[in-house]
Amino acid sequence: HKNGMTKGTLLSLCSNLYDPLLLSAPFIASARMLFRKVLREVDLPSWKSPVPDTYYKMVADLAGDLLTVGKKLKIPRRAVIPNPIQSEAHEFPVGFLTLLVLTDGSTEAGCAAAYAHQMFPYESGNYGPGADFSNVTITCNLMAADIKLTDNKGNHSQVCGELLGKHIGVQLLQFVKENSLVKFHAVRLCSDSLTIERSLRKTSACYSIWAGHRIAHIQRSIDLDDSWHLPGTVTDACVDYCTKYQRKPS
């Protein structure tokens, strides 16, 4: 732009990707974090205040990626597939269906992603860990995601981000269950933070008011038997990159 970039044009760029289900969550998360980074480091009192040119390369990289995802990203419209096993398709049309919500957090943001996890045949959903899974078919499709930036009021440590992710994971889980046209046979709300999983199972009131409200909300809203810990190798591959600024999310 011949007149440079203003606070208003940067906001316009960072919010021009319409994706209400946040299926392109890494791009949207990086855009939000970049906008906040600029506002934290530079005083821009009005929407016409110019953004320093030191940020232009970062903005250009993000703009290129947003253009790429806007043109090329293709997401299946149906997250749940029909049971391919004809002998049980009438009784179990979607196999064994699990609502899988993975959460993660950082000092910058908390993120949750909801997946439709299906297993065929239906009985395989109740197999033990030592069973033979060689003839089991599994699909796992992203249904929706949610992201929220950590606040600027002192609640932006790593643990705060993990708790924020778990908190919005519960909200996402409830939203999906209330709006889905299929019945889930199981629910799993998983994170890679042992600290948060332990906190949810404590009864002593030894938290800040901010943390206490979120922990109480999670405890009231879910069966804690549905809350599981996963190793970081799992969350790193699907939700971790939504919680940190990515110069090129693609």
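What does the charge dipole of the range 1-69 about its Cα centre add up to, to the nearest 20 debye, if the Cβ of each Lys and Arg holds +1 and the Cβ of each Asp and Glu holds -1?
Values: 8 positive and 6 negative charges, 38 e Å.
With Lys and Arg at +1 and Asp and Glu at -1, about 180 debye.
Only protein heavy atoms count here; on that basis, with a 1.4 Å probe, K72 has an accessible area of about 150 Å².
Put the Cα centre of the range 4-59 next to the Cα centre of the range 215-249 and the gap is 25 Å. Counting only lysines at least 8 places from K166 when in the same chain, those with an alpha carbon closer than 29 Å to its own are K37, K74, K148, K153, K177, K183, K202, K244, K248. The apolar share of the surface of the range 126-250, taken as the fraction of accessible area on carbon and sulfur atoms (1.4 Å probe, ligands and nucleic acids excluded), comes to 53 percent. The mean sequence distance of close C-alpha pairs (under 8 Å, at least 6 residues apart), as a share of the length of the range 69-143, puts its relative contact order at 28 percent. Computed on the chain, with alpha-carbon pairs under 8 angstrom and 6+ residues apart, the relative contact order is 25 percent.
Summing charges over neighbours of V187, with a neighbour being any other residue whose Cβ is under 12 Å away from its Cβ, gives 0 when K and R count +1 and D and E count -1. Note on the range 1-111: dipole from Cβ charges, positive end direction compared against M58, A79, F27; the farthest Cα belongs to M58. Ordering W210, T139, P93 by the projection of their Cα atoms onto the charge dipole of the chain, which places +1 on the Cβ of Lys and Arg and -1 on the Cβ of Asp and Glu, puts W210 at the extreme positive end. So for the pair I85, Q171, with labels modelled 7 Å out along Cα→Cβ, what separation do we get in nm? If labels sit at I85 and Q171, their model points lie 3.9 nm apart.
Note on N126/A216: beta-carbon distance plugged into 1/(1 + (r/R0)^6) with R0 of 30 Å gives a FRET efficiency of 0.40. Does the chain come out rounded, prolate or oblate, given a ≥ b ≥ c as the square roots of the eigenvalues of its C-alpha gyration tensor, rounded meaning a/c under 1.5 and, failing that, prolate meaning a/b above b/c? Note, shape of the chain comes out oblate. Add +1 for every Lys or Arg and -1 for every Asp or Glu among the other residues with Cβ under 14 Å from the Cβ of S24, and state the total. Counting the neighbours of S24, the net charge comes to +2. Tell me the angle of helix 209-221 to the major Cα principal axis of the chain, expressed in degrees between 0 and 90 and rounded to the nearest ten. The answer is roughly 30 degrees.
Per atom type, the range 11-119 shows carbon and sulfur on 60% of its accessible surface, probed at 1.4 Å. Per residue, the accessible area of the chain comes to 55 Å² when a 1.4 Å probe rolls over the protein heavy atoms. Considering Cα pairs under 8 angstrom that are at least six residues apart, work out the relative contact order of the range 118-250 and quote it in whole percent. Relative contact order for the range 118-250 comes out at 23 percent. Summing charges over neighbours of S15, with a neighbour being any other residue whose Cβ is under 13 Å away from its Cβ, gives +2 when K and R count +1 and D and E count -1. Could you tell me which residue out of S49, L39, Y127 lies farthest along the dipole of the chain toward its positive end? Charges go on the beta carbon: Lys and Arg +1, Asp and Glu -1, centred on the Cα centre. Selected residue: S49.
Note on the chain: with charges restricted to the Cβ of Lys and Arg (+1) and Asp and Glu (-1), its dipole about the Cα centre is near 1020 debye.
The values are calculated or read from the model by the stated rules, or taken from the named source; none is laboratory data. These numbers were taken from a predicted model, which means no experiment stands behind them. Note: ideal-geometry Cβ built from the backbone for every residue, glycine included; neighbour counts use all protein chains shown. What goes into the accessible areas is simple: the full protein's heavy atoms, side chains included, and nothing from ligands, DNA or RNA. Shrake-Rupley method; radii C 1.70, N 1.55, O 1.52, S 1.80 Å.
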